[in-house]
Each structure stands twice: as structure tokens, then as C-alpha cells.
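Here is the structure we will look at, set down as C-alpha cells.
The values are calculated or read from the model by the stated rules, or taken from the named source; none is laboratory data. What you see is a predicted model; the values in this text were computed from it and never measured. Glycine also receives a Cβ, built like all others from the backbone with ideal geometry; neighbour counts cover every protein chain displayed.
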Amino acid sequence: METRIIDGAALARRTRAALTERATALTARGRQPGLAAVQVGDDPASKVYVRTKMRVCAEVGIYSEHIELPAATTEAELLGRIRALNADPRIHGILVQLPLPKHIGSDRVLEAVAPEKDVDGFHPENVGRLAIGAPRFVPCTPAGIMEMLAATGIALDGRDAVIVGRSNIVGKPMAMLLLHQGATVTICHSRTRELGDHTRRADIVVAAVGRPQLLGADMVKPGAVVIDVGINRLPDGKLVGDVAFDAVLGKASHVTPVPGGVGPMTVTMLMANTVRAAELRDA
């Protein structure tokens, strides 16, 4: 079987071109979409992620602010900055880059972001709206994966889907999105027994557990669509996903690469949520 590689970078470029048109139209009406990224501390990976997001903002035509706060920032100080951004008319979307320092409660901080500016889709109100099938903002990685699945041309209705990973950021919202599309969904996690028994019967597998090359060819059904969310660095510095990419070639019908798969679409869907937030305010 020939395996089709789902090119997330190419899909992201096409999606960003359409977003640029929408952002330009808003800017012409005096409401340029605006995104604020709040980073606390000096985590190197967080810095890279935020710089990438700011670069893509400029590409799409979104006004951006990168707010860098020292690691010693108190929870009260951070909540004060978020309240100010909630009230700032230039800002339509707010993201708080995780992880936060241990002395700051992530849940309290995420709940402080105004739901209508919560472009990460993490606020309990937005999680609830997603659960009932009436989302305002969908978390960016699952949203990007749904776009990638749509690009395969395979209908999801009636398909068996297995998600490996139960995080609030990927696994749980991914399950809800697939359910809303008529898929039968199983969520697997660290306590799941005989993981392969589940993945081998799946038409769609989403691997989002953070274990390098966990999913091998013997765990994939012939013809399955395999979506790899993992980004893991091996001791030799090589980046790999949660899927043994080379091993599933010739067995899966579709697979996403790492890098160049889900990552570009995650950032792109953050831009999409920000543009949507500005459109909702402009309506």
C-alpha cells in the first residue's frame, strides 16, 4: 500500500493565505485582529514557541504583543496583567504560554482569561461549549488535526478512532470533535492494558502521549489514518514523533510527519481563532 503523507506545512500555508484575507478585511474596517502572548519565566522551549507565534502573526496581518514576565512574578501580578488585557480593545486573543512557574496556579490563570478572548480554548466556558457541540474556540492542536483529517477526504462518520493520550489540551477535546463527526471514539492512556489491541482495530489513530516512536507497524491496522502529535528529541538530537514513521509507511493509508505535520497547523489554528475572535467582536 502506498502511504500518503499529510503535509501539514503545505496545508498551513493555504490556510494562512485565507486568514490573511480575512484579517485584511477587518483591518480595513479599523479592527485589526490582535493577539497577546504572556510568558512567565525563561523556559527556552516556551521562548521558541512564542517567537514562532509572533512571526506567524506578522505573516497573517495580526497585531501582536509578547509580554515577558520574570519567573518571580506572583500569581496576583499575572492575574492583574490578564485583567488589563481583557479590557484592552486592541487585543482580541490572549494566550498564556504554559508551563507556568510552580508557584502560580495554571487553572486560576486560564480561568481569568475572558472567554471571548480565550483563543487557546482552555477556559471552562469554552470547554463546555465544545462538549455540547457549540464551540466558540476549539483548542488549536485538535482543530488543526480536524483540518488535516478533512484534507484526507475520508469521512469520519461511523469510523473507529483511537486517541492515545487523555490531556485537556489534545486528547479530550480531540475525542469530542471526533464524536461530533460521528466517529466511535476510544481514549487510551498510561493505564490502558494491551494498547495494541485498541490501536489495531482503529480506522484513525491519534498519538499524543509524548513517548518517542511508541506506535509501531504492528500496532496499526492496514489502511489506517495515523496522526502523530508527539514531538520528542532523541539523545542524538533527532526530532521524532510518537509514531515509528518509517515503520508504518506502506501499512497506513495516511500519516503525518514529525516535524512538518501537526505543528504548523497548531500555530495556524491559533491565528484562525484570533481572527474569529475579532470577527465576533466586529459583528
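Among the residues of region 169-179, is any small (Gly, Ala, Ser) and exposed (fewer than 15 other Cβ atoms within 10 Å of the Cβ)?
Among the residues of region 169-179, not one is small (Gly, Ala, Ser) and exposed (fewer than 15 other Cβ atoms within 10 Å of the Cβ), which makes the answer no.
Determine which single condition Leu26 fails, assuming it passes every other condition in (1) in a helix (DSSP H, G or I); (2) within 22 Å of the chain's Cα centre (by Cα); (3) surrounded by 15 or more Cβ atoms within 10 Å (Cβ to Cβ).
(2)
Which residue out of Ala143, Ala151, Ala224 is surrounded by 17 or more Cβ atoms within 10 Å (Cβ to Cβ), of a type in the set (Gly, Ala, Ser) and touching a strand residue (DSSP E or B) at 6+ places or on another chain (Cβ under 8 Å)?
Ala224
Out of all the residues in region 4-34, which are in contact with a His (Cβ under 7 Å, 6 or more places away or on another chain) and either hydroxyl-bearing (Ser, Thr, Tyr) or closer than 24 Å to Ala277 by Cα (or both)?
Once the filter is applied, which keeps residues that are in contact with a His (Cβ under 7 Å, 6 or more places away or on another chain) and either hydroxyl-bearing (Ser, Thr, Tyr) or closer than 24 Å to Ala277 by Cα (or both), region 4-34 yields Pro33, Gly34.
Kindly evaluate Asp218 against the criterion of being touching a residue at least 24 places away in the same chain (Cβ under 8 Å) and among the charged types (D, E, K, R). Can you show your working first?
Numbers: touching a residue at least 24 places away in the same chain (Cβ under 8 Å): no; among the charged types (D, E, K, R): yes.
Judged against the criteria, Asp218 is not a match.
If you take the residues in region 154-168 that are among the hydrophobic types (A, V, I, L, M, F, W, C) and either touching a Lys or Arg at 6+ places or on another chain (Cβ under 9 Å) or within 20 Å of Gly263 (Cα to Cα) (or both), which one is surrounded by the fewest Cβ atoms within 10 Å (Cβ to Cβ)?
Residue satisfying both the conditions and the ranking: Val162.
Tell me which residues, restricted to region 102-146, are hydroxyl-bearing (Ser, Thr, Tyr) and either within 17 Å of Leu85 (Cβ to Cβ) or more than 15 Å from the chain's Cα centre (by Cα) (or both).
Across region 102-146, the qualifying residue is only Ser106.
Looking at Ala37, Ala45, Ala9, can you tell me which residue is crowded, with 20+ Cβ neighbours inside 10 Å, under 19 Å from the mean Cα position of the chain (by Cα) and either assigned to a helix (DSSP H, G or I) or at pLDDT 95 or above (or both)?
On the way: Ala45 fails: crowded, with 20+ Cβ neighbours inside 10 Å; Ala9 fails: crowded, with 20+ Cβ neighbours inside 10 Å.
Only one candidate qualifies: Ala37.
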